[in-house]
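Here is the structure we will look at.
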Amino acid sequence: MKYCQGNKCHEYRTKDRIRGTKGSKSYQTRRRSSFYYGNGNFCSQSCQNDWLIKNIEHALDHFGRLTEPKKVLASGAWYKDYTWGYDGNTNHCFKNDLLGERVPITELQYNDENFMTPNNLSQ
């Protein structure tokens, strides 16, 4: 069993956080076998956000802040897309919004994780 890492988890007044016997009850941090937020470390978005608000500056300073914008060049901006045709068929393609291009592909190629750019089509 894991404990929620939210720094205010024990302050939220829910019935599942109540522990202890009559006369000495208290609210405690949630304990579960699996959590669904923050990569399995938080029991709720509230607890995740509480932790982020308290620790985000320290985490960014520790792991490094962006000092320049990241870029995706036109040659690396391809992605798979599909549209529904008026006849009910699906039209699959590689799409590049920066170049304004679309390259038709089959549904099998769309589902194949090895095909990531139209350059793979000739292989």
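The values are calculated or read from the model by the stated rules, or taken from the named source; none is laboratory data. If you're wondering where the values come from, they're calculated on a predicted model, not measured in any experiment. Cβ sites come from the backbone with ideal geometry, for glycine too, and all protein chains shown count toward neighbours.
Values computed for the structure shown
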| item | result |
| --- | --- |
| Lone qualifier among THR67, THR106, THR90, THR83 - being over 30 Å from ARG17 (Cβ atoms), surrounded by fewer than 14 Cβ atoms within 10 Å (Cβ to Cβ) and in contact with a helix residue (DSSP H, G or I) (Cβ under 8 Å, 6 or more places away or on another chain) | THR90 |
| Hits in the stretch 26-41 - residues which are touching a strand residue (DSSP E or B) at 6+ places or on another chain (Cβ under 6 Å) and assigned to a loop (DSSP other than H, G, I, E, B) | GLN28, THR29, PHE35 |
| Matching entry among ASN55, ASN49 (being in the same structural domain as CYS9 (by TED's automatic domain parsing), outside any strand (DSSP E or B), surrounded by 15 or more Cβ atoms within 10 Å (Cβ to Cβ) and without any contact (Cβ under 8 Å) to a residue 24 or more places away in the chain) | ASN49 |
